[in-house]
RNA sequence: GCCCCAGUAGCUCAGAGGAUAGAGCAGCGGUUUCCUAAACCGUUGGCCGCAGGUUCAACUCCUGCCUGGGGUACCA
């Protein structure tokens, strides 16, 4: 049983024995934030004292008096401040944690709270109109790490990319290529401003010329240009994602919703329920019925649906495919799209609580002091590939996942290029590499890692600090997964790396604290076990981020 | 107008009812015959946007305001 749960039981019992009343929720065990306040802390006395009309400190002392004493498990119990009960973990607890990490290896930190729930994470979902930008990059990494986190928490995850290759955007794309093709032949006219300006359009046009020769520029050949562009761009997108370490299980084409009648089915369903009506030549969704501020067009007077209708059909299909948890990851610019969609789904009888929408804020790109505006159509964007050319996939991933998704992400390109060596990702990776080096060194020196090292020898402050931090990893994974907060992982890993660097540094200052030493082999073996446990945690954590854990740097 | 997100150190950001608010970078000063100095130590730097409220306790919750970003389409 985790030590927190054990303490909670003991506290509840002590509270009862002390003559206070408290339900099971009255006791919360938290990690102490500051040194000198023990390792774990409980503030239950504050609430209890109020009901019992006594000082929190007196209540805490009374409760503490009924706590069992087991110095191996809990070295110290003290009432501090106004009434906190602080616990200092004992050597047996720390040793047990290290043993557990070594036993579980790559499984350490994983749990089965998700119970195999069929879960879908939809992200990126960029239409194939151009290369992925840095904005897509943030979403791609968030989606992938959320997926990995959910898997670590026992979900069965399907990663899905939804795209539309049949809309207006794509026609403009095809037309852009056709015009560039004509231009390359010297037959070009004005290139409209609202068409795709990027250089990649010229590349595709050149490919068209190679394939079809010079006489293929007629407007009726638009489908050819569109298809060619789609193929070329999608191939690039997949390559970029692959490079980032992301692979989708399903690419879902919006067009299939039309082909299989799922679009019409939604209209019919809404009409049946009185939630769709005709007006001004368009079909409207009665969103006001669901409490939204205005009704919305779902089929334009031109006969083309707006994005809402296929989105509803697509989400209906997600439910119908049996997903129990549906995670949608959107950029802040799509924030308005899902209330209508959810209203429609709810109206059709689907449980909206199964959908979790994660909105991430924008990435602002700055070069020096200059703000760079990103727009695929205008083509003055920095692509995800260009970013990876500069800093590599590991830094790219770390950078995008390092901050909470509700915060705007300010990316200073200059800084990323010139100071990439100071990125914290290297700090974490270096800790892993250093441990690997120590393990190699020990082997060279002929010090074997013991099967059952005497971990009670780990009594130095730096050693105990390290063991304590390693213990909290599973809780970080569980919380980050439960709350969809992937950025908690890098925060934790930086802390773990810091504590490890301290530990290793201690051996630099005091020879008796060195890991690889033949003077005291049992101590060396205990420390090697601690090193290996740390490496396991770092490797597991980096694995969840999709970042490499190098053996040497 | 209305809705969403943010405002914390010079910069970029963590922290989200508790006990002295943290990290990286930048600045200043140190540590290497020694398991990787991509490390470590010291130090400078804060009306936690403003004003009220709730609470034994507020940077954290509530209300209002200010500033910045994003929405509010028969674009997606």
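Going through (1) crowded, with 19+ Cβ neighbours inside 10 Å; (2) at pLDDT 90 or above; (3) more than 9 Å from RNA strand B (Cβ to nearest atom) one by one, residue A:405 falls short only on (3). Of the residues making up segment A:1-12, those that are loosely packed, with under 12 Cβ neighbours inside 10 Å and not in a loop (DSSP other than H, G, I, E, B) number 1. Considering segment A:470-553, the qualifying helices (runs of 4 or more DSSP H), each wholly inside and each with 3 or more residues that are more than 7 Å from RNA strand B (Cβ to nearest atom) and closer than 15 Å to residue A:432 by Cα, run over A:488-509, A:521-545. For segment A:13-23, a residue qualifies if it is surrounded by 17 or more Cβ atoms within 10 Å (Cβ to Cβ) and either in a helix (DSSP H, G or I) or within 8 Å of RNA strand B (Cβ to nearest atom) (or both), and the qualifying residues are A:14, A:15. The residue list A:533, A:549, A:506 contains one member that is at negative phi, outside the structural domain of residue A:445 (by TED's automatic domain parsing) and in contact with a helix residue (DSSP H, G or I) (Cβ under 7 Å, 6 or more places away or on another chain), which is A:549. Among all residues of segment A:40-59, there is at least one that is in contact with a helix residue (DSSP H, G or I) (Cβ under 9 Å, 6 or more places away or on another chain), part of a loop (DSSP other than H, G, I, E, B), within 17 Å of residue A:7 (Cβ to Cβ) and not assigned by TED's automatic domain parsing to the domain that holds residue A:468. Take the residues in segment A:24-68 that are at positive phi and exposed (fewer than 15 other Cβ atoms within 10 Å of the Cβ); name whichever of them is farthest from RNA strand B (Cβ to nearest atom). Looking at the filtered set, the residue picked out is A:53. Listed by first and then second residue, the pairs linking a residue in segment A:443-464 that is more than 18 Å from residue A:94 (Cα to Cα) to a residue that is modelled with pLDDT of 90 or more and surrounded by 11 or more Cβ atoms within 10 Å (Cβ to Cβ), with Cβ atoms under 6 Å apart and 6 or more places separating them unless they lie on different chains, are A:445/A:516; A:447/A:524; A:449/A:528. Could you say whether any residue in segment A:280-300 is under 30 Å from residue A:118 (Cα atoms), in a loop (DSSP other than H, G, I, E, B), outside the structural domain of residue A:486 (by TED's automatic domain parsing) and at pLDDT 90 or above? Taking every residue of segment A:280-300 in turn, none turns out to be under 30 Å from residue A:118 (Cα atoms), in a loop (DSSP other than H, G, I, E, B), outside the structural domain of residue A:486 (by TED's automatic domain parsing) and at pLDDT 90 or above. Cβ-Cβ contacts under 7 Å between residues 6 or more apart (or on different chains), taken from a first residue in segment A:230-245 that is surrounded by fewer than 16 Cβ atoms within 10 Å (Cβ to Cβ) to a second residue that is in a helix (DSSP H, G or I), are listed as A:243/A:388; A:243/A:393.
When residue A:453 is tested against (1) assigned to a loop (DSSP other than H, G, I, E, B); (2) surrounded by 19 or more Cβ atoms within 10 Å (Cβ to Cβ); (3) within 11 Å of RNA strand B (Cβ to nearest atom), exactly one condition is not met: (3).
Applying the criterion of being in a helix (DSSP H, G or I) and in contact with a strand residue (DSSP E or B) (Cβ under 8 Å, 6 or more places away or on another chain) to the residues of segment A:246-269, the residue that is surrounded by the fewest Cβ atoms within 10 Å (Cβ to Cβ) is A:267. Could you tell me whether any residue of segment A:316-331 is in a loop (DSSP other than H, G, I, E, B), at pLDDT 90 or above and within 12 Å of RNA strand B (Cβ to nearest atom)? There is no residue in segment A:316-331 that is in a loop (DSSP other than H, G, I, E, B), at pLDDT 90 or above and within 12 Å of RNA strand B (Cβ to nearest atom). Residues considered: A:333, A:293. Of these, the only one that is surrounded by fewer than 18 Cβ atoms within 10 Å (Cβ to Cβ), out of contact with any strand residue (DSSP E or B) (no Cβ under 8 Å at 6 or more places or on another chain) and within 26 Å of residue A:482 (Cα to Cα) is A:333. Restricting attention to segment A:115-133, the residues that are in contact with a helix residue (DSSP H, G or I) (Cβ under 7 Å, 6 or more places away or on another chain), modelled with pLDDT of 95 or more and more than 20 Å from residue A:254 (Cβ to Cβ) add up to 1. The single condition among (1) touching a residue at least 24 places away in the same chain (Cβ under 8 Å); (2) near RNA strand B (Cβ under 8 Å from one of its atoms); (3) in contact with a helix residue (DSSP H, G or I) (Cβ under 7 Å, 6 or more places away or on another chain); (4) under 25 Å from residue A:331 (Cβ atoms) that residue A:436 does not meet is (4).
The values are calculated or read from the model by the stated rules, or taken from the named source; none is laboratory data. Remember, it's a predicted structure, so these values are computed and weren't measured experimentally. Every residue, glycine among them, receives a Cβ derived from its backbone with ideal geometry; neighbour counts consider all protein chains shown.
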